[in-house]
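The values are calculated or read from the model by the stated rules, or taken from the named source; none is laboratory data. No experiment lies behind these values; they were computed from the predicted model shown. Methodologically, a virtual Cβ is constructed for each residue, glycine included, from the backbone with ideal geometry; neighbour enumeration extends over all protein chains shown.
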Amino acid sequence: MNNSQLTPFERNRYYAGKMLTSADFQAEQTYFNNKRRFANSLLYGAGVICGLGVFSLDDLSVLIESGVAIDGMGREVVIDSSVVKKLSAVDGFDALRTNEVSLCLRYKEDEVHTVYSVNRSDPDREYEYNRISESYQIFLLDTEDVPESFEMETEFLTRGVLLNDENFMMEFIMPATVSRGRNVKAVLRIEKISDADVSLSYSCILQIPAFADPDGNHEIQIVVDDVLLARGEVLEREYWMTAQEVAALETTIILKSGSVQAFESEKVIPAPSNLAMKIQLSDVKPRELVNREIGRMNLEMKNVGGQSDFIRLADLVLVRTDSAYIIEQVNDSHVKHYIAAPAQERLRNDYMEYFIKEADIRASIQEVPSDGDQKPLNLRTGDTPEVETGILEIPLSENARRGDICYSGEIMHGLGKGNVYVEVGYEHIRDDEALGEASAKSTIYGNPALFADDQKNVVEVETAVRVLNDKGSFVVAVRLLQNVDFLVLTFRWVAIKFPAGNDLGIEDDYSGKSIAAETPTITMGTKESHFFGVRYNNMDPCSITYELTEANSGEITADGIYTAPGKEGVYEIRIYCTDMPVVCTYAYAIVKKKGFDEEG
């Protein structure tokens, strides 16, 4: 039964005196079956719900465990008890051409229970089948004949090409829309597209005006050394950053002028020297951004990849001769697709607690709500003072050595912008005879070395906290004072918010405060772009405004990306603190046409 057309739905309409025929009863069953299968395909997709493991019993036979799956048409496929199959007796074995085959499972219907037909339409057909048994079929295919499944590519990700020649394709990939104040991951993807035996070395600096890395910088340095890949092999690296609370609706990631160097087996190769990745900035939460993008996919887009009517259970490697075969290997680890059933969510959460979060996510908050937003535990007892606390973890590299410095990610303390004091203490498990406990949790604020004599699990560290008052967040730095073999250091942090300066009757004091352009003067070509970063002196980072002092001198975005005009000249950019315009500086762009030398 090929039930690939599930819509439109049509059900019986009953009225007084209606004569029901077999076609009406079939329509009744079809309506409810298609409704259920339609919901299965949209809510769960295709894959294995439980069981259906495949094992080699001997050189000739396989065991398929009982289990449940849903195929691409939303039909449930059930093997109610484990079965043993001799491979040569499985459907499709005689048609195999190669030694790499796939064991597959398909939904099947069988007509059963013969009964005498009283009012038969066919005089020669005395008996009819009274039931339809929903069963399954196990069959074999050459792996190379298994249709490739694919999904429509959405507009969730944007890609910038850093290198594209006959040997390598290098892309910088990240979400096209990001949430202000939230962490976001970018991926550097390198794919080998030829059979040439060459290695790749590449370096560049990406300027990220509306983002900050864990150290607060507006640049990402990409360095790739002697990467050797086979054709089709892919290497990926992750870069984490935080979208800042800027007023701009979009920002642009650009290549820093003159920063690109590319070599293939020590031979210099040409690489793109410009990049302009447009990123939209939004106040919508990350989970809602994801839900919105997934929800935009219509039925035609979902079905464009085709609906597979079978489930792939395992790949087998055979050793075959003219008269015999041997099952050499059974692999199902990367073949099966498992469906995350809601009924298994509690057990899934229990198992996930045994894994540490990835080291690239530099810090984790102990309490993570269901919407995926990391928020600290709220201990606020009144309007004054305001207090927040939480747990953060700083992962260490293997064989961490004395003098190494490690950083947390940027952590939102939950007290908003303003004057906030943050203290961190080393948290560990200790033995406490006075309490009669073999293991009691303890937090040490200050130097843990003072307690090292009677606490064997104490790690001697030096800590520092940088509070970003205008962002409502902080970053923790740790210097190791001894060699350690720990994988993660755990700290308790406490944040206390003080009243603002004006609330204390203190007038604004700008003395000693200043800002400076990281690159006060830049020489660039016409129509080229450059990001003017800012250094802060005797003050915390704040919102910055950029403006051109003359008309027709190019363009500058709200996040500081300057694009030169089409004519040569020297152009001035004024940079000032949005809330303190008296704190300002100037930068200059010397614009020359390409190929025009310094003495020309």
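Data for the structure
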{"quantity": "Among (1) small (Gly, Ala, Ser); (2) on the phi < 0 side of the Ramachandran plot; (3) surrounded by fewer than 13 Cβ atoms within 10 Å (Cβ to Cβ) - the single one Ala186 does not satisfy", "calculated": "(3)"}
{"quantity": "2 or more residues in contact (Cβ under 8 Å) with a residue 40 or more places away in the chain and not assigned by TED's automatic domain parsing to the domain that holds Ile208: qualifying strands (runs of 3 or more DSSP E) within region 239-323", "calculated": "310-320"}
{"quantity": "Yes/no for Arg97 being farther than 29 Å from Ala314 by Cβ and part of a loop (DSSP other than H, G, I, E, B)", "calculated": "no"}
{"quantity": "In region 145-164, residue surrounded by the most Cβ atoms within 10 Å (Cβ to Cβ) [restricted to those that are modelled with pLDDT of 90 or more and touching an Asp or Glu at 6+ places or on another chain (Cβ under 8 Å)]", "calculated": "Leu162"}
{"quantity": "Check on Ser333, of a type outside the set (D, E, K, R) and within 30 Å of Lys86 (Cβ to Cβ)", "calculated": "yes"}
{"quantity": "Every pair of residues 6+ apart whose Cβ atoms lie under 6 Å, when the first sits in region 540-558 and is more than 30 Å from Val420 (Cβ to Cβ) while the second is assigned to a loop (DSSP other than H, G, I, E, B)", "calculated": "Gly554/Ala564; Gly554/Pro565"}
{"quantity": "Which listed residue is at pLDDT 90 or above, within 14 Å of Phe310 (Cα to Cα) and either touching a Ser or Thr at 6+ places or on another chain (Cβ under 7 Å) or surrounded by 10 or more Cβ atoms within 10 Å (Cβ to Cβ) (or both), from Glu109, Glu134", "calculated": "Glu109"}
{"quantity": "Complete set of residues in region 520-539 that are loosely packed, with under 15 Cβ neighbours inside 10 Å, under 29 Å from Gly181 (Cα atoms) and either touching a residue at least 60 places away in the same chain (Cβ under 8 Å) or of a type in the set (Gly, Ala, Ser) (or both)", "calculated": "Pro520"}
{"quantity": "Restricting region 449-478 to residues that are among the aliphatic types (A, V, I, L, M) and at pLDDT below 75, the residue that is surrounded by the most Cβ atoms within 10 Å (Cβ to Cβ)", "calculated": "Val458"}
{"quantity": "Residue in region 93-109 that is more than 30 Å from the chain's Cα centre (by Cα), hydrophobic (A, V, I, L, M, F, W, C) and more than 18 Å from Val146 (Cβ to Cβ) present", "calculated": "no"}
{"quantity": "Out of Gly67, Gly53, sole residue that is surrounded by 15 or more Cβ atoms within 10 Å (Cβ to Cβ), in the same structural domain as Arg312 (by TED's automatic domain parsing) and under 18 Å from Gln137 (Cβ atoms)", "calculated": "Gly67"}
{"quantity": "For Gly92: the one exception among (1) in contact (Cβ under 8 Å) with a residue 12 or more places away in the chain; (2) out of contact with any strand residue (DSSP E or B) (no Cβ under 7 Å at 6 or more places or on another chain)", "calculated": "(2)"}
{"quantity": "Residue count, region 10-40 (criterion: under 37 Å from the mean Cα position of the chain (by Cα) and either over 28 Å from Tyr129 (Cβ atoms) or not assigned by TED's automatic domain parsing to the domain that holds Gly74 (or both))", "calculated": "1"}
{"quantity": "First in region 35-57 and touching a residue at least 24 places away in the same chain (Cβ under 8 Å), second anywhere and assigned to a loop (DSSP other than H, G, I, E, B) and β-branched (Val, Ile, Thr), Cβ under 6 Å, 6 or more apart", "calculated": "Tyr44/Ile339; Gly47/Ile339; Ile49/Ile339"}
{"quantity": "Matching residues in region 544-555 - criterion: being touching a strand residue (DSSP E or B) at 6+ places or on another chain (Cβ under 7 Å) and assigned to a loop (DSSP other than H, G, I, E, B)", "calculated": "Thr549, Glu550, Ser553, Gly554"}
{"quantity": "Residue match in region 68-86 (condition: part of a helix (DSSP H, G or I) and touching a residue at least 40 places away in the same chain (Cβ under 8 Å))", "calculated": "no"}
{"quantity": "Hits in region 200-229 (condition: in a loop (DSSP other than H, G, I, E, B) and either under 22 Å from Gly181 (Cα atoms) or touching a strand residue (DSSP E or B) at 6+ places or on another chain (Cβ under 6 Å) (or both))", "calculated": "Ile208, Pro209, Ala210, Asp213, Pro214, Asp215, Gly216, Asn217, His218, Leu229"}
{"quantity": "Matching residues in region 163-190 - criterion: being of a type in the set (Gly, Ala, Ser) and in contact with a Pro (Cβ under 8 Å, 6 or more places away or on another chain)", "calculated": "Ser179"}
